[in-house]
Every structure is written in structure tokens, then in C-alpha cells.
Amino acid sequence: MAQKLLTQVQCFGASVKGPLHKREGRPNEDAWEVMRGSFGTAIVVSDGMGSKPNARTGARMACRAVKDALQYWAKIKGASPVMLLRLVHILWGMRVLPISEEDSAATCVFAVVVPSGEVLVAKLGDGIAAIRESDGKVVLIGDERTGFCNQTTALGIAKSTKEWSVITRPSLAPGAAVLLATDGIADDLIGEQVGDFIKCVVEEFAYMEPATRWRALCHELRNWSTPKHLDDKTLAVLWHRNDLGGAV
């Protein structure tokens, strides 16, 4: 049963450099990854903080640290979500060496479906993490965005795992989907737009052949509809495929 569930959990995503970084000749400072293993199936996105000199590496190492942490965490029976978050912090700090953590600061947002079917979604810093249930209901994780003056937290800045927002669910129903995205996308999604966006992304892209899907997603992100958009843009989707092929 567990193996069947994990084969039904599909993941995809894409990342593109924003117009500002293109103009400045700087690299894409976002990162994302899909990962599978004994821990289950997971996705992660990270946004290196642009004011930090090692931002790009910080974001890439955040993705690797999540994978490393999940592998260790899965081996410990009854391990709590807090233990997983602590592992992410420790392993990320080791991976960015010899550069300081402060100079490598990066947000971290991830979701995992473990073999038992349980879902965990965790978010540290800016961006968006949202679950669209099979009935269309949307749950936002850690949605505290109230204005531009807020200081974000991140790996390299956070002093405690209490700064993470975490949600667990006993399962991800067929047709349900989790969206993770950096703030180049998240800042343009308000209210009901979140659920509509997830529905649109799954319906338009989920059934494509992977290489075709990646190219199509990159095209959409490069041609983002918001006028004068500047940021790098990254999204990842974890979706429990409906075997009946119906819309989400």
C-alpha cells in the first residue's frame, strides 16, 4: 500500500532567473529539488537572500541539507518534526562551510510524503507553502505576510526551530496538491488566487512529459504576467495523482 501511494505522488517544478539578475549579470539565486528515498517523496525550494554574498550557494545547500536531514530522520523511529528541522539547520551549516552562515542566508520551504502516507510541510522565511485539498479548500502554511517592512527569517538568521511554520496531515488525498514557491511568485498570489493558481498549474502541466513540462513551465515563469516583475521565480508541486485522470 505504501509503495503504491508513493508511485502516485508526482512532483515537478522549475526555476528561472529574474529580469533584475539578468540585467546585473548575476546568477539565479533560487534553488529547488525533487527527492525520493526511504524517507518517501519530497520537494524543496529555497531563495538565497540577495543581500548576502553567498546567497546562491546558501540556497543550493538548503536543498541538499533537507535531503540529508530526511535520510537521517527516517531512520529514527518516532522522530519528531522538530528533530528534522534541527537536522536541516545543522547539516546546512556544515554544507556552507567555510563561508559563514550569515553570508549564506537562504529561505527553506519543503514538503514530504512519508511511506505511511503522512504529509509534513515546513516553511522558514519568505515564499509560499500551500495545500489545495481535493475539494478545492486551500491551507496556507505560515502566511504572515503583512507588508514590505517585515524582516524575513532564514537559515543563517533563525535562532530557533520555533521560527519555522509546520503542518502535518495524516494523508494527502487523491487530487490534492502542495505548492511551494519563492517570493518572486508568492508576492503576486493573493487570497483566492492561490487555489486557482495551484489548480491551473496541475491541470496545464502535470500530465505533460517531464522534459516538455519543464520547458513549458520555464517559458511561463520567464513571461510572468505581472508588469515590471524583477525577482527570480521558482516553484515546485507535489501532487497525489488521481488515477481517474480527473481535474484537481
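The values are calculated or read from the model by the stated rules, or taken from the named source; none is laboratory data. All of these numbers come straight from a predicted model, not from anything done at the bench. SASA here: full protein model, heavy atoms, side chains in, ligands and nucleic acids out. Shrake-Rupley method; radii C 1.70, N 1.55, O 1.52, S 1.80 Å.
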Problem set entry | For region 173-189, 3J(HN,Hα) per residue [Karplus equation, 6.51 cos²θ - 1.76 cosθ + 1.60, θ = phi - 60°, Hz, x = Gly/Pro] | 5, x, x, 7, 9, 10, 10, 10, 7, 7, 6, x, 9, 4, 5, 9, 10
Exercise. Per-residue ellipticity at 222 nm for the chain, helices alone: DSSP H runs ≥ 4 residues times -39500 (n - 2.57), over residue total, nearest 500 deg cm²/dmol?
Worked result: -9500 deg cm²/dmol
Problem set entry | lysines with Cα under 22 Å of LYS228, excluding same-chain neighbours fewer than 8 positions away | LYS17, LYS22
For this session: Could you grab the relative contact order for region 66-193? Cα pairs under 8 Å, six or more apart, rounded to a whole percent.
Result: 28
Exercise. Per residue, how many Å² of accessible area does the chain show with a 1.4 Å probe?
Worked result: 48
Seminar exercise, completed: Which of CYS108, CYS11, CYS200 fluctuates most in a GNM of the chain (C-alpha springs under 10 Å)? That residue is CYS200
Problem set entry | Within a Gaussian network of the chain (alpha carbon springs, distance under 10 Å), most fluctuating of GLY58, GLY78, GLY13 | GLY78
For this session: Evaluate the chain: find the radius of gyration of its Cα atoms, find its Kirkwood radius, and give the ratio Rg to Rh.
Result: 0.94
For this session: Express in Å², to the nearest 10, the accessible area of THR57 obtained by rolling a 1.4 Å probe over the protein heavy atoms while all chains stay in place.
Result: 50
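Compute the relative contact order of the chain as a whole-number percentage, counting only Cα pairs closer than 8 Å that sit 6 or more residues apart in sequence.
28
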For this session: Would you work out the relative contact order for region 1-60, in percent, from Cα pairs under 8 angstrom that are 6 or more residues apart?
Result: 28
For this session: Return the carbon/sulfur percentage of the accessible area of the chain, one whole number, probe 1.4 Å, all protein chains in place.
Result: 53
For this session: Could you count how many Lys pairs in region 48-173 have their Cα atoms under 25 Å apart, skipping same-chain pairs fewer than 8 positions apart?
Result: 16
Exercise. Roughly how many Å is it from the Cα centre of region 196-222 to that of region 80-98, as a whole number?
Worked result: 31
